[in-house]
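Structure first, commentary second.
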Amino acid sequence: MGILTGLVSTFLLLFLGFLARRWGLLDAASATGLNRLVANLALPALFLSTIGTSRLEKNLSPVLVSVVLGSTVLMSAIGWLAGRLGRLPGPRLGVMAQATMRGNIVYLSFPIILASYGDPGLRLAALTASFLIPVMNVLGVLVLELARPQRSGMLRAVLGTLANPMVVSAFVGLGLAAFAWHPWPWLATTLNTLGDFALPGALLALGAQLQACRLGDVWRPTVAVAALKLVALPALGWWVLTALHRPPLEIAVGVLLLAAPVAVASYSVAADLGGDTDLAGACVLVTTLASMASYLGWKLLLPAV
């Protein structure tokens, strides 16, 4: 039952968000507004309260960060190579290279890690994500730009990703943690209250934004992305972390971060940079649905913590 606790609660909230959209409780505009509220206020508050008050010597693992980042960059290169071998046109090549490494870690992996491993797991995940999120954002822009016939505005796009509130709050949180930050009680209460809304709000927003799509002629690269993102990438992280004899909690957090389905944000980035939106949308939907089974499979294989 312990294995199922985090999965059931996470995907139940995701499904409730989907039903809220179907029942008219949330329309497209309100779902987008909820997502913006979560991304710009609640999640930054969660990052500040979780990362900023963490003890770096206890909750930050340089080895875990290095393995997760290295695996992510390598998988993006593998996705690019697979797209080349499949003779995908530029707009689809960039989308595939982005989708194979850009995971929805905050919206899906965080709730599962919190429900499964409590506050120590969430702090370890948040500190690792403070390095992983900027890398995924920047790498996503780079591969999409490299796949375009005419590249323009790459520097502006990269700087825009670094100005993302979650990225900024992660960096600020790291700085505060380095100085052993202890917020005033009123500020800690405010951040904690707002942060408590972040994960359930994110899941409801994500569920409301999931839309049915036609796979059509994009089903082959979509299946390839699902196999690489949900199976190969976490398997790579699991193998390296196990070979390095890392503690069970580090292995579990690393694998679950890498096993996240394709991020919803990858769709909007692909649309802005000329990527194939049909493939981008299919990757988000298919990997999110398939992640119910893949998360369960990985949790069964993970060592006890």
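Among the conditions (1) of a type outside the set (Asp, Glu); (2) at pLDDT 90 or above; (3) in a helix (DSSP H, G or I), the only one that SER268 does not satisfy is (2).
What are the pairs, 6+ residues apart or on separate chains, where a residue within the range 254-266 that is within 13 Å of ALA202 (Cβ to Cβ) has its Cβ under 7 Å from a residue that is of a type in the set (Val, Ile, Thr)? Short answer, once both residue conditions are applied: ALA260/ILE105; VAL264/VAL284.
Name the residue, out of VAL95, VAL67, VAL63, that is over 18 Å from SER266 (Cβ atoms), buried (at least 23 other Cβ atoms within 10 Å of the Cβ) and among the β-branched types (Val, Ile, Thr). Lay out the reasoning, then the answer.
On the way: VAL95 fails: over 18 Å from SER266 (Cβ atoms); VAL63 fails: buried (at least 23 other Cβ atoms within 10 Å of the Cβ).
Exactly one of VAL95, VAL67, VAL63 is over 18 Å from SER266 (Cβ atoms), buried (at least 23 other Cβ atoms within 10 Å of the Cβ) and among the β-branched types (Val, Ile, Thr), namely VAL67.
Quick test for you: out of VAL135, VAL143, pick the one residue that is closer than 30 Å to GLY274 by Cβ, surrounded by 24 or more Cβ atoms within 10 Å (Cβ to Cβ) and either modelled with pLDDT under 90 or among the hydrophobic types (A, V, I, L, M, F, W, C) (or both). It is VAL143. Looking at the structure I just gave you, is LEU48 part of a loop (DSSP other than H, G, I, E, B) and either in contact (Cβ under 8 Å) with a residue 60 or more places away in the chain or of a type outside the set (A, V, I, L, M) (or both)? For LEU48, the condition - part of a loop (DSSP other than H, G, I, E, B) and either in contact (Cβ under 8 Å) with a residue 60 or more places away in the chain or of a type outside the set (A, V, I, L, M) (or both) - is not met.
Taking the criterion of being assigned to a helix (DSSP H, G or I), over 20 Å from PRO165 (Cα atoms) and touching a strand residue (DSSP E or B) at 6+ places or on another chain (Cβ under 8 Å), would at least one residue in the range 89-103 satisfy it?
If we filter the range 89-103 for residues that are assigned to a helix (DSSP H, G or I), which is where we start, we get 90-99.
After this cut, where a residue has to be over 20 Å from PRO165 (Cα atoms) as well, the list is 90-99.
Still in the list and also touching a strand residue (DSSP E or B) at 6+ places or on another chain (Cβ under 8 Å): 99.
Yes, because at least one residue in the range 89-103 is assigned to a helix (DSSP H, G or I), over 20 Å from PRO165 (Cα atoms) and touching a strand residue (DSSP E or B) at 6+ places or on another chain (Cβ under 8 Å).
Consider THR100 carefully, then state whether it is of a type in the set (S, T, N, Q) and surrounded by 24 or more Cβ atoms within 10 Å (Cβ to Cβ). It is true that THR100 is of a type in the set (S, T, N, Q) and surrounded by 24 or more Cβ atoms within 10 Å (Cβ to Cβ). For the range 48-65, the set of residues classified as within 14 Å of ALA188 (Cβ to Cβ) and among the hydrophobic types (A, V, I, L, M, F, W, C) consists of LEU48, ILE51, listed by residue number. The residues listed here are ALA42, ALA28, ALA20; of these, the one that is aliphatic (A, V, I, L, M), modelled with pLDDT of 90 or more and farther than 26 Å from LEU191 by Cα is ALA20. In summary, ALA260 fulfils each of the numbered conditions (1) assigned to a loop (DSSP other than H, G, I, E, B); (2) more than 22 Å from SER130 (Cα to Cα) with the single exception of condition (2). A Cβ distance below 8 Å, combined with a sequence gap of six or more or placement on separate chains, defines the contacts here; from the range 163-187, residues that are in contact (Cβ under 8 Å) with a residue 24 or more places away in the chain reach residues that are surrounded by fewer than 16 Cβ atoms within 10 Å (Cβ to Cβ) and not in a helix (DSSP H, G or I) in the pairs ALA177/ARG55; ALA180/ARG55. Restricting the range 267-288 to residues that are within 16 Å of the chain's Cα centre (by Cα) and without any contact (Cβ under 8 Å) to a residue 24 or more places away in the chain, the residue that is farthest from VAL8 (Cα to Cα) is SER268.
Among the residues making up the range 188-224, those that are surrounded by 15 or more Cβ atoms within 10 Å (Cβ to Cβ) and either of a type in the set (Gly, Ala, Ser) or within 16 Å of ILE105 (Cβ to Cβ) (or both) are ALA188, GLY195, ALA198, LEU199, GLY201, ALA202, LEU203, ALA205, LEU206, GLY207, ALA208, ALA224.
The values are calculated or read from the model by the stated rules, or taken from the named source; none is laboratory data. Keep in mind that what you see is a predicted model, and the values were worked out from it rather than measured. Please note: Cβ atoms are built from the backbone with ideal geometry, for glycine as well, and neighbour counts cover all protein chains shown.
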